[in-house]
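Step one of this worksheet: look at the structure below.
The values are calculated or read from the model by the stated rules, or taken from the named source; none is laboratory data. Small disclaimer: the values here were computed from a predicted structure and weren't measured. Here the Cβ is made from the backbone with ideal geometry for all residues, glycine too, and neighbour counts use every protein chain on show.
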Amino acid sequence: MASVYRFVDDCEDKSLLGNKGANLVIMTKLGLPVPPGFVVSIEAYVAYKGSRHLPTHDIDSALEWLEKETGGKLGDGLLVSVRSSAAVSMPGMMDTVLNIKDKASMMSAIKKVLDSWDNLRAVEYRRLNRIPSDMGTAAIVQAMVMGNKDKRSGTGVIFTRNPSTGEPGIFGEYMNQAQGEDLVSGTKTPGPVSDLRSAMPKVYAKLEEAAQKLETHFQDMQDVEFTVESGKLYVLQTRSGKRSGQAAVRIAVDMVNQGLITREEAVMRVKAEELKALLHKRIKSPEEHAPLAHGLNAAPGAACGKVSFKIGEVVRMAEKSERVILVRPDTSPDDIQGIAAADGVLTSRGGLTSHAAIVTRAMGKPCICGAEEIKIDLDAEQFEVAGHVVKKGMEITIDGTTGNVYLGSLPLEEADVTAEVAELLSWADGFRRLGVRANADTAEMIRLAKTFGCEGVGLCRTERQFNAPERLSAIRAFIMASTAAERMEALERLRQLQKEDFVAIFRELQGMPIIIRLLDLPLHEFLPSEADTPDPRVKERVRELREINPMIGHRGVRLGVTNPEIYQMQVEAIGEAKAEVEQEMPVNVSVMVPQVITVQELLWVKKHVKGSGLRFGVMMETVRACMRAGKLIHVADFFSFGTNDLTQAVYSFSREDAEKKFLGTYLRLGILQDNPFEVIDVKGVGRLMETAVFWARRNRRDLEIGVCGEHGGEARSVAYFHTIGVNYVSCSAFRIPVARLVAAQAAIEEKMEKTPAAISSP
C-alpha cells in the first residue's frame, strides 16, 4: 500500500487520505478546477509517529510529478501549501503552512502539520467531540494559487445552503485581494459573496455550477473554499458544512422532499446535539428591548451571562456554574476551551465563516461575529459602544438569531417545534421501537410535553403537587397532627386536593398511559428548617424527623410501611379521579412504589392499599431490587428504572455533593469519562440494569420495563437503553424530541447491521 497519493490517483479512502484529501480526489475526478497536489497518508503518519521518519522517496517522486503538472519548479513558478487532513473534520485545530518555496521547508512543514495532531487545541477539540485520539491525520501538499495577486483576485468560502437557517442557495463571503487565512482567521470582516457576482459575474456563475455539482455528488450541504487568481476560479476544498440545528433539520427534510436522500438517511443525518440546539432559548418579547449593538447572526439562539474577556477566566466561571459570555475581538483555535465553557460568544471582527462562527454553530451555542461598533479593550477588560462602557462581570444578552446585543439579562423562553422538526420526528416515530414518555407532575407540564410528542407519562411525582401553598399547608397539618382525629382530618383534605390534581391530569392525557409514583420524599422535607420557624412545636418536630443521611433514610416505601394511611389516601384519590374521568374518556393509570428493596415491602403496600384495582409497579432504584428482580416480578405488574437514584446507590455518591465538590475534578483528570448522572454508566449501572432485565424477562417475557430517570432524554443513554430491550424511556418535556430521534437512529442502526443494503425509499 502506498504512503503518498496524488489527487489524480484512484483512491478515495478517508481512512488513508483523511476527509479533506479524499474530497480533493473526488473533486478532481468531477472535473472541477482543483490546484494539483498529493496526500501524505494517515498510514505514513502512523509510521512517522513510530520512527520520526517520513517516506522521503515517495514525497520526492510526488513533488516531481507536481512540478511537471504545473510547469514550474518549487520556488520558481511553484509555491505549495501543507494542510492537515483527518478522517473527521476538525476545522482550524491543526496547523497550516503556506507559501513554501523550497524542499527543506516542505519536509519540515509536513512534520509540523503531522505533529499538530497532538497540539493542545486539537486534543481539546477531540475531547469535546469524542474523536478517538489514535485516529491520526494525513498531510496535503497542494500547489498554491494567489488570491492576493491582483485586483481580479480574491478568496472566499461558501455554503451550498444557509448554515444558520438551511435556506437553499449559495451563502457565503468573499474578500478581494486576500488569501484564505485572511478570511477564516476572523481578523478581518469580509463582504458577502454577492460582491464576487458584481465584480466577476462569469466567475460567480462557475462557482454556482461547482457548488451544485458538489452538493449533488455528496448529497449534503457543502462548505467550499475557493480562490480567484487573475479572474480564474480554483476550488480548494469541500466538506460537509457545520450547521445550526435549524439548518440541519431543514436541509435533511428538504433533501428528502427533493428525492436526494431517503427518510432513514434524513433521520440518521441529524445529530442529537443539533436537534437539542434547535430547541434553544430565545428572547421573550424582544420588541420591548432596545439593542445595544448589532453584529452578524453567526449561530442562532439567545444567551445571557457575565462578560469575560479571558479564556481561563471563562473556564473558571463555568466550573462555578456561572453563566458567561466570551467577548473577544476574534477567536482562534487556541480558544476552544473558553468557547466550550461559555454560554455564548461575541466578537467585534470576523464573518459568518470565521472560526468563532463555525465552532459555535457546531456546538449549538449562540454567537454574534463582526459587531464592529463594539470597541474592545482587552487590557482594561471592557468594551465601549454607543456611549456605554461594559466592564468585566457586567451582564449582557446576545441573540445569535438576529445579531442583536442587549445590556443586562433579558427574560428568555424556550423555542417551539417547527414544521420541519415535526416532519422529521414523524419519520423517526415510524422507525423507533422504544416508546417515549414524559416526566410530568401537573396538567400544565403534560400539556407542554404533548407539544413535543410524548406518548404518555412515565413518571408523575406526587410530592411535587404538595409544593402549592394550599397543599403544603395540608401535608404540614398531617405531619404536625398530635391526635388520630387531626391526622384523619388532614389526610381527608389532602385526598380531596390530590383528587382535583388527578382529575385535571387524566383529562389532559385523554387516555394516554400514566404511571404515578407514590410519595417518595421524607416527611421533614415538607417542613421549614429549624432556623426558619419561630414555632417551638415545629422546631421540635423538625428535630424528631431529622436524619443523618435523608437520601437513604426514611423515605419512599419505608414511609409507606410505617405510615400506610398516606399511600392509602393517595390511591383512593387516584381511584376516585379515575372513576370520575372515565365517565368522559378512557383512563390508563398505574401506580409505582419507590425505593423498594424486597418483595415483602410490595406485598405490605398492596395489602394495606385495598380495593384500588390499579396496576402496581416497582421503581427500580436500589441495588437490591435489581438483584431480586426475578422475585419481584411475582408481585409487580411492571418495572421502571429510576436511574438517578440508582446511580447514586451504585456509586455511593450524593449527586449534589459530588457535583459541587469533586466530580468536576474527576472529569478533568480523566478518572471518570462522563458525569454518570448525565450519561448512563454502562459498565456499572448499565450492567446492573441488564442483570435485572435478564432475571425479570426469564419468566415473564412480556413484562413492561421502562426508564424514568433523566438519562431517558440523553442521546447515548437512550441508544444504550434500546440495546438492553426496555419498552420505553421517560424524560422531561424538552428532552422528548432528542429521545424520539435517537431511539429511531438506534433502531435504524440495528437494522442496517442485520441487512446493510436494506434502505427503503422516501
ask   = Among the residues of the stretch 317-354 satisfying the criterion of being under 24 Å from L412 (Cβ atoms) and basic (K, R), which is nearest to the chain's Cα centre (by Cα)?
value = R323
request  = Filter the stretch 383-394 for residues that are touching a residue at least 24 places away in the same chain (Cβ under 8 Å) and either part of a strand (DSSP E or B) or closer than 14 Å to G408 by Cβ (or both) and give the result.
outcome  = F383, V385, H388, V390, K391, G393, M394
request  = With respect to S482, determine if the residue is in a helix (DSSP H, G or I), small (G, A, S) and under 27 Å from I552 (Cα atoms).
outcome  = no
Residues being of a type in the set (K, R) and under 22 Å from C626 (Cα atoms) - total across the stretch 663-685 = 1
query = Does the stretch 337-359 hold any residues that are polar (S, T, N, Q) and under 19 Å from P190 (Cα atoms), and which are they?
reply = T347, S348, T353, S354
ask   = Looking only at strands (runs of 3 or more DSSP E) that fall completely inside the stretch 397-452, which ones have 3 or more residues that are surrounded by fewer than 24 Cβ atoms within 10 Å (Cβ to Cβ)?
value = 404-407, 412-414
inquiry  = Name the single residue that is surrounded by the fewest Cβ atoms within 10 Å (Cβ to Cβ) among those in the stretch 65-110 being without any contact (Cβ under 8 Å) to a residue 24 or more places away in the chain and part of a loop (DSSP other than H, G, I, E, B).
reply    = G71
query = Residues of the stretch 16-51 being among the polar types (S, T, N, Q) and either assigned to a loop (DSSP other than H, G, I, E, B) or closer than 20 Å to P91 by Cβ (or both), which ones?
reply = N19, N23, S41
task = From the list I110, I100, pick out the single residue that is closer than 13 Å to V40 by Cβ and modelled with pLDDT of 95 or more.
result = I110
query = Residue check: is D220 on the phi < 0 side of the Ramachandran plot, of a type outside the set (S, T, Y) and without any contact (Cβ under 8 Å) to a residue 60 or more places away in the chain?
reply = yes
task = Return yes or no: is P333 touching a helix residue (DSSP H, G or I) at 6+ places or on another chain (Cβ under 9 Å) and in contact (Cβ under 8 Å) with a residue 40 or more places away in the chain?
result = yes
key: In the stretch 340-364, residue farthest from E319 (Cα to Cα) [restricted to those that are at pLDDT 85 or above and surrounded by fewer than 24 Cβ atoms within 10 Å (Cβ to Cβ)]   = R349
Matching residues, the stretch 474-487, being surrounded by 14 or more Cβ atoms within 10 Å (Cβ to Cβ) and either of a type outside the set (K, R) or closer than 17 Å to E525 by Cβ (or both) = A474, I475, R476, A477, F478, I479, M480, A481
query = When the residues of the stretch 520-544 are filtered to those that are closer than 20 Å to S473 by Cβ and touching a residue at least 60 places away in the same chain (Cβ under 8 Å), which remaining residue is surrounded by the fewest Cβ atoms within 10 Å (Cβ to Cβ)?
reply = E525
query = part of a loop (DSSP other than H, G, I, E, B) and either in contact with a strand residue (DSSP E or B) (Cβ under 7 Å, 6 or more places away or on another chain) or touching a residue at least 40 places away in the same chain (Cβ under 8 Å) (or both) - does that describe any residue in the stretch 153-160?
reply = yes
message = All but one of (1) crowded, with 17+ Cβ neighbours inside 10 Å; (2) within 30 Å of V390 (Cβ to Cβ); (3) out of contact with any Phe, Trp or Tyr (no Cβ under 6 Å at 6 or more places or on another chain) hold for V249; state the number of the condition that does not hold.
response = (2)
ask   = For the stretch 601-627, which residues satisfy the criterion of being in contact with an Asp or Glu (Cβ under 9 Å, 6 or more places away or on another chain) and of a type in the set (G, A, S)?
value = G611, S612, G617
request  = Note down all Cβ pairs under 6 Å where the first residue falls in the stretch 676-698 and is touching a residue at least 40 places away in the same chain (Cβ under 8 Å), the second is in a helix (DSSP H, G or I) and among the polar types (S, T, N, Q), and they're at least six residues apart or on different chains.
outcome  = I680/S717; V685/T647
request  = Among the numbered conditions (1) in contact with a strand residue (DSSP E or B) (Cβ under 7 Å, 6 or more places away or on another chain); (2) in a helix (DSSP H, G or I); (3) more than 14 Å from L236 (Cβ to Cβ), tell me where Q212 comes up short.
outcome  = (1)
message = Within the stretch 622-674, considering only helices (runs of 4 or more DSSP H) that don't extend past its boundaries, which have at least 2 residues that are over 30 Å from A341 (Cβ atoms)?
response = 623-627, 629-632
ask   = Just checking, how many residues over the stretch 610-628 are hydrophobic (A, V, I, L, M, F, W, C) and crowded, with 24+ Cβ neighbours inside 10 Å?
value = 5
key: Residue within the stretch 723-744 that is buried (at least 21 other Cβ atoms within 10 Å of the Cβ), outside any helix (DSSP H, G or I), modelled with pLDDT of 95 or more and among the charged types (D, E, K, R) present   = no
ask   = Restricting attention to the stretch 111-151, which residues are part of a loop (DSSP other than H, G, I, E, B), over 19 Å from L78 (Cβ atoms) and among the small types (G, A, S)?
value = S133, G136
message = Checking Q179 against (1) modelled with pLDDT of 95 or more; (2) not assigned by TED's automatic domain parsing to the domain that holds E43: exactly one of these is not met. Which one?
response = (1)
ask   = Quick one: would you say V596 is surrounded by 14 or more Cβ atoms within 10 Å (Cβ to Cβ) and in a helix (DSSP H, G or I)?
value = no
request  = Please find, among M144, M175, M135, the residue that is among the hydrophobic types (A, V, I, L, M, F, W, C) and over 30 Å from Y45 (Cβ atoms).
outcome  = M175
